[in-house]
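The structure appears right after this line, and notes come after that.
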Amino acid sequence: MNPTDLKQASPWQLAERAHAMNPSAIREILKVTERPGILNFAGGLPAPETFPVDAMRAACATVLAEGSAIARPSLQYASSEGLPELRQWVATELGKQGAQVSADQVLITTGSQQGLDLIAKVLLDKGSRLLVESPTYLGALQAFTPMQPAVESVESDMGGVSASALRSALQKGERPRFMYLLPNFQNPTGRTMDEARRQAVIDVCREHGLPIVEDNPYGELWFDAPPPAPLLARWPEGVVYLGSFSKILAPGLRLGYIVAPPALYPKLLQAKQAADLHTPGFNQRVVAEVIKDGFLDRHVPTIRARYHAQRDAILAALARELGPTGAEWTQPVGGMFVWVRLPEGLNAQALLPKAVDAGMAFVPGAPFFADEPDARALRLSFVTSTPEQIDQGMAALGQVVRAAMQG
């Protein structure tokens, strides 16, 4: 063996689950959007103009002043469960939505993405059935896949997962470990489950003993009216609920939470302890300081108003630019995303390089499907662009689509 071969040989053997790990398609696309002048509709990022910098700065100063030289609680190790004040705040807020939970059921996580990872570790085995909507959140699929479950999509429409299709899926094979749902302003489609659909899905799940993981990072970002009560309020012992501070404060804080039934909570806590001991205590204390006096009641409406105007701008631009082509898109009543289905015969992945050359970027829809992808679908995030930029970006997209249709 020559010296070159020695340098290339690796003593490391990957675990079987590591081979199932894949890079985020969105993260890879975001690298393309770093080119100067690209209008980025790809990333699911909240608008930085909504970050409460002044409130954060003041809270940091307050938190750092707490304690004494021999006891700086904000910079010390913290409990794995999370800051008691923050856990109580979560329980109180959910109570206002009809979900009667205890602070003892709340586990503060390092972003809600960690919540998905902990749930996967605790509930999934190799080959165990797992049900998801079609399409579903790409980050959830990334969290679940290393556990090597058998992921199955259930037929869904613009109202979310079909209760009848769910019932059919449960009548064959072993019972799935859980179903993963995003009822409010779903990523990637922007769709919302209405009251009747939520109750129908809950009825089927209760009948078959199918637990639900309810992911709700966007629920506060409604435009005209709040969404229906969470699934958690309808079946507290059968639903694990995920929430986040990323979209209503700032994603850089990496602060989320799990609300779990008492029977499941201890194992999630143990998985959390093994992962990182605890979510950064400083971040938790800063957020608790910011929100303690009802700050979010004043702050979140400003985010809603901003996103509402941007939603209106992108729907108008899509009607103008893609309406004549026969393309279709969702009409979100909250959140950050519009889901577009291109005219028959077009492929979103193939169009992406042409769109980037024209000065805009989107996310092709295929990675959001657990099984059979829809090559015509793409996701647009509208909240980091001004109405003027939205007009420019949709004009560029329309130009690319029309050119592709002409061959």
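Things worth noting here:
- For segment 150-206, the tally of residues that are part of a helix (DSSP H, G or I), touching an Asp or Glu at 6+ places or on another chain (Cβ under 8 Å) and either open to solvent by less than 10 Å² (accessible area, probe 1.4 Å) or under 23 Å from Pro367 (Cβ atoms) (or both) stands at 2.
- Test for Ala348: is it closer than 30 Å to Ala403 by Cα and under 21 Å from the mean Cα position of the chain (by Cα): no
- Test: residue in segment 328-342 that is touching a helix residue (DSSP H, G or I) at 6+ places or on another chain (Cβ under 6 Å) and surrounded by fewer than 20 Cβ atoms within 10 Å (Cβ to Cβ): no
- Asp371 passes every criterion in (1) modelled with pLDDT of 95 or more; (2) touching a strand residue (DSSP E or B) at 6+ places or on another chain (Cβ under 7 Å) apart from (1).
- Of the listed requirements (1) more than 17 Å from Leu116 (Cβ to Cβ); (2) open to solvent by less than 60 Å² (accessible area, probe 1.4 Å), Thr302 misses just one: (2).
- Number of the condition not met by Gln399 [criteria: (1) out of contact with any Leu (no Cβ under 6 Å at 6 or more places or on another chain); (2) assigned to a loop (DSSP other than H, G, I, E, B); (3) farther than 30 Å from Glu152 by Cβ]: (2)
- Extreme residue, surrounded by the fewest Cβ atoms within 10 Å (Cβ to Cβ), among residues of segment 110-147 that are under 20 Å from Ser79 (Cβ atoms) and among the hydrophobic types (A, V, I, L, M, F, W, C): Val122
Yes/no matrix, rows are residues, columns are (1) surrounded by 13 or more Cβ atoms within 10 Å (Cβ to Cβ); (2) part of a helix (DSSP H, G or I); (3) modelled with pLDDT under 95:
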| site | (1), (2), (3) |
| --- | --- |
| Ile26 | yes, yes, yes |
| Lys31 | no, yes, yes |
| Glu34 | no, no, yes |
| Gly37 | no, no, yes |
| Pro46 | yes, no, no |
| Asp54 | no, yes, no |
| Ala61 | no, yes, no |
| Glu66 | yes, no, yes |
| Gly82 | yes, no, no |
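The values are calculated or read from the model by the stated rules, or taken from the named source; none is laboratory data. Because the structure is a prediction, the values reported are computed rather than measured. As a convention, Cβ positions derive from the backbone with ideal geometry for all residues, glycine included, and neighbour counts pool all protein chains shown. Just the protein is used for accessible areas: all its heavy atoms, side chains included, with ligands, DNA and RNA removed. Shrake-Rupley method; radii C 1.70, N 1.55, O 1.52, S 1.80 Å.
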